[in-house]
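The values are calculated or read from the model by the stated rules, or taken from the named source; none is laboratory data. Bear in mind that the values here come from a model prediction, so they are computed numbers and not experimental data. So basically every Cβ, Gly included, is an ideal-geometry build from the backbone, and we count neighbours across all protein chains shown. Surface areas here come from the heavy atoms of the whole protein model, side chains and all, with no ligands, DNA or RNA. Shrake-Rupley method; radii C 1.70, N 1.55, O 1.52, S 1.80 Å.
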Amino acid sequence: MHKRKYIFVTGGVLSGLGKGITAASVGNILKARGLKVFMQKLDQYINFDAGTLNPGEHGEVFVTDDGAETDLDLGHYERFTDENYSQDSSVMTGRVYSEIIAKERKGDYLGKTVQVIPHITDHIKQIIVRAGEKSGADVMIIEVGGTVGDFEGMHFLEAIRQMHNDYGDDNVMYIHMVFLPWLGVTKEVKTRPAQYSVRELQGFGIQPDVVGCRCDQQIDKPGLEKIARAGNLPVKAVIPMETANTVYNVPIILENYGLGDLIIEKFKLQDTTKPADFSEWKKLVSNILVDKRQVNIGLVAKYTTMEDTYISVLEATKAAGWHHNVNVKIEWVDSEKLEKTDANVNEILSGLDGFVVPGGFGVRGIEGKLKAAKYARENQIPYLGLCLGMQVSVIEFARNVLGRSDAHSTEFDENTTNPVIHIMEYQKTVANMGGTMRLGAYPCQVSPNSKAFEAYRQLSVSERHRHRYEFNNQYRKDFEKNGMKLSGLSPDGQLVEMVEIENHPFYIASQFHPEFKSRPGKPHPLFREFIGSVIKNTSLFEVNKSDAKEISLI
Ligand code: GLN
């Protein structure tokens with residue numbers, strides 16, 4: 001058995017280079033060769049985890065089965081490698097430091113000064129190596145957050161530099177991502193910043209084995225040669241990465257440029273790996289890229305300026321579209337605009353074929369989301385509610401069907417006389433905000449006579465959570481009597497995990513986040529059925545309108 005291998009992915013020149021996608025693609029490439037991979041993200045923030053970061057600025061908080069609140073890159077890792085990761089995959093500086101400080105307080109370093117080198121760096125190395133041991137992976141792929149040269153990233157760079165010496169050249173590899181700007185005036189791709197970035201990495205004692213060159217234009221051979229020369233690399237190790245037509249194409253692009261073979265050669269794994277099998281993945285990519293009929297899905301959300309805020313929701317919705325051979329166009333519906341009393345709801349929402357109301361916190365935009373839920377319910381338009389999106393559908397139903405006009409969640413109105421959503425009992429005494437929600441995977445019993453069951457075809461499922469509030473059980477009977485079915489419950493029957501409306505083409509909402517378990521080639525059942533019903537619904541709608549429209553659908 002060969003030794004465990006480590007691949008580190010760093011970045012330079014700019015942030016936002018798609019290091020996460022590249023690292024995930026490396027995982028994909030190696031898995032296609034039959035290797036077991038494990039992925040990790042080293043994050044520079046002094047935060048303990050991503051749970052308290054603003055998703056509007058930092059992007060979605062991704063939740064793992066074991067309840068870790070992590071950086072959105074873990075979502076890429078799971079989607080590209082079809083593995084479930086854990087807290088072990090998310091290493092934030094605040095957590096690293098707090099563990100060392102706790103040891104210092106305990107007296108583990110009595111008499112010694114505690115320093116970044118060796119204490120913090122040794123701890124980082126230990127975290128990486130232990131995660132590798134626990135996972136049993138052949139290859140660990142570790143993405144270093146931030147940009148080489150950032151003050152905040154020094155401890156990680158120093159730790160990964162040392163690993164080359166600790167584990168040997170056959171077992172440690174560095175992939176450095178750079179950006180090549182396009183200069184419009186001279187119509188050239190410029191390589192100088194990339195060369196400097198490689199030199200900077202070398203200045204930290206790290207010799208990259210591969211340089212990935214992100215660029216919006218085509219990069220010519222002389223450009224690649226310049227970077228190779230500056231980096232002491234063969235030209236084949238400088239890989240052009242022009243902006244891809246879909247991120248899911250990145251593994252194929254990298255494979256075609258020979259990255260997989262480079263890695264296998266470097267690690268001397270030729271005899272222990274099988275030929276790469278990309279058949280399924282290639283099918284997925286060609287399916288994504290083929291022209292398809294479009295459906296328009298309204299994502300009713302508070303943050304509408306950055307896709308990353310709802311990245312798993314978007315990917316899950318799109319994956320459901322690929323499954324059904326339609327192209328999902330996401331239309332952003334700004335819940336704050338919709339909330340305004342003079343908003344023309346019909347004008348804003350008509351033309352949308354289905355609605356997704358995603359998770360969220362805080363009262364901003366809530367009334368807008370309620371209007372969307374009402375519109376979908378009354379107009380028989382498919383609706384998928386996720387976490388807060390379920391709470392919204394419960395509040396809307398209580399107000400407009402049950403006649404409880406001031407119904408609300410106590411998160412938004414503590415004085416409501418109809419707290420149909422209220423804080424979970426054990427959450428009442430929680431003082432700290434970080435890591436204290438109901439987090440991670442919990443089992444859910446699916447009611448056999450429900451649309452949810454038609455989707456899952458399973459009576460017991462496991463889904464990931466991130467919430468403090470829940471359906472108020474006092475109101476169960478009233479909802480059920482009036483057509484809102486409680487189609488998912490916790491095994492002890494105490495927590496409502498899913499609701500749905502009878503006599504509606506598709507109106508399902510879950511207290512959990514199904515988007516985290518969806519995969520590009522295996523959409524989550526709820527998303528899959530949601531888009532399925534959108535297709536059925538829009539077809540009927542179009543057919544009824546005119547024969548000409550019907551033909552255009554075929
Ligand atoms: N704010 C709600 C709660 O805490 C919903 C959370 C979410 O959508 N993730 O219960």
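Scanning segment 262-284 for residues that are more than 29 Å from the chain's Cα centre (by Cα) and open to solvent by less than 20 Å² (accessible area, probe 1.4 Å) gives Phe267, Leu269. Somewhere in segment 375-383, is a residue within 13 Å of the ligand (Cβ to nearest atom) and closer than 28 Å to Val63 by Cα? Checked against the condition, which is being within 13 Å of the ligand (Cβ to nearest atom) and closer than 28 Å to Val63 by Cα, segment 375-383 yields no hits at all.
In segment 301-324, what residues are at pLDDT below 95 and either under 25 Å from Leu284 (Cβ atoms) or polar (S, T, N, Q) (or both)? Residues satisfying the conditions are Thr304, Thr305, Glu307, Asp308.
Do you know which of the residues in segment 432-491 that are in a helix (DSSP H, G or I) and touching a residue at least 60 places away in the same chain (Cβ under 8 Å) is farthest from the ligand (Cβ to nearest atom)? Top of the filtered list is Glu454. Being polar (S, T, N, Q) and either farther than 21 Å from Leu183 by Cα or without any contact (Cβ under 8 Å) to a residue 12 or more places away in the chain (or both) is the filter here; which residues of segment 209-236 pass it? Listed by number, the list holds a single entry, Asn232. Taking Ser462 as meeting all but one of (1) over 24 Å from the mean Cα position of the chain (by Cα); (2) surrounded by fewer than 22 Cβ atoms within 10 Å (Cβ to Cβ); (3) at pLDDT 95 or above, write down the number of the exception. Here Ser462 meets the rest and fails (1). Picking from residues in segment 354-372 that are of a type in the set (A, V, I, L, M) and farther than 13 Å from Ser409 by Cα, the one that is farthest from the ligand (Cβ to nearest atom) is Ala372. Of all residues in segment 491-514, those being open to solvent by 10 Å² or more (accessible area, probe 1.4 Å) and farther than 17 Å from Ala455 by Cα number 5. Count of segment 467-490 residues, restricted to those that are open to solvent by 30 Å² or more (accessible area, probe 1.4 Å) and either touching a His at 6+ places or on another chain (Cβ under 8 Å) or more than 15 Å from Ser447 (Cβ to Cβ) (or both), is 8. Scanning segment 237-256 for residues that are in contact with a helix residue (DSSP H, G or I) (Cβ under 8 Å, 6 or more places away or on another chain) and open to solvent by 70 Å² or more (accessible area, probe 1.4 Å) gives a single hit, Asn245. Only one of the listed residues (Arg438, Arg399, Arg404) is touching a helix residue (DSSP H, G or I) at 6+ places or on another chain (Cβ under 7 Å) and not β-branched (Val, Ile, Thr). That residue is Arg404. Based on this model, can you work out whether Leu259 counts as open to solvent by less than 10 Å² (accessible area, probe 1.4 Å) and modelled with pLDDT of 95 or more? Yes, satisfied.
Could you list all residues from segment 185-197 that are out of contact with any Lys or Arg (no Cβ under 6 Å at 6 or more places or on another chain) and not in a strand (DSSP E or B)? Result: Val185, Thr186, Lys187, Lys190, Arg192, Pro193, Ala194, Gln195, Tyr196, Ser197. Can you confirm whether Ile206 is within 25 Å of Glu265 (Cβ to Cβ), surrounded by 15 or more Cβ atoms within 10 Å (Cβ to Cβ), of a type outside the set (S, T, N, Q) and touching a residue at least 24 places away in the same chain (Cβ under 8 Å)? Judged against the criteria, Ile206 is a match. Which residues, taken from segment 384-431, are surrounded by 17 or more Cβ atoms within 10 Å (Cβ to Cβ), among the aliphatic types (A, V, I, L, M) and within 15 Å of the ligand (Cβ to nearest atom)? If the condition is that a residue be surrounded by 17 or more Cβ atoms within 10 Å (Cβ to Cβ), among the aliphatic types (A, V, I, L, M) and within 15 Å of the ligand (Cβ to nearest atom), then Leu384, Leu386, Leu388, Met390, Val392, Val394, Ile395, Val420, Ile421, Ile423 are the ones that fit.
Residues checked against (1) of a type in the set (A, V, I, L, M); (2) part of a loop (DSSP other than H, G, I, E, B):
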| position | (1), (2) |
| --- | --- |
| Arg199 | no, no |
| Gln202 | no, no |
| Val211 | yes, no |
| Gln218 | no, yes |
| Asn232 | no, yes |
| Asn249 | no, no |
| Ile252 | yes, no |
| Asp261 | no, no |
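Among the residues making up segment 515-554, those that are assigned to a helix (DSSP H, G or I), modelled with pLDDT under 95 and open to solvent by less than 50 Å² (accessible area, probe 1.4 Å) are Asn537, Thr538, Ser539, Glu542, Leu553. Scanning segment 358-372 for residues that are farther than 19 Å from Leu314 by Cα and under 27 Å from the mean Cα position of the chain (by Cα), which turns out most open to solvent (accessible area, probe 1.4 Å)? So the residue we want is Arg364. In the set Glu411, Glu425, only one residue is modelled with pLDDT of 95 or more and acidic (Asp, Glu); that residue is Glu411.
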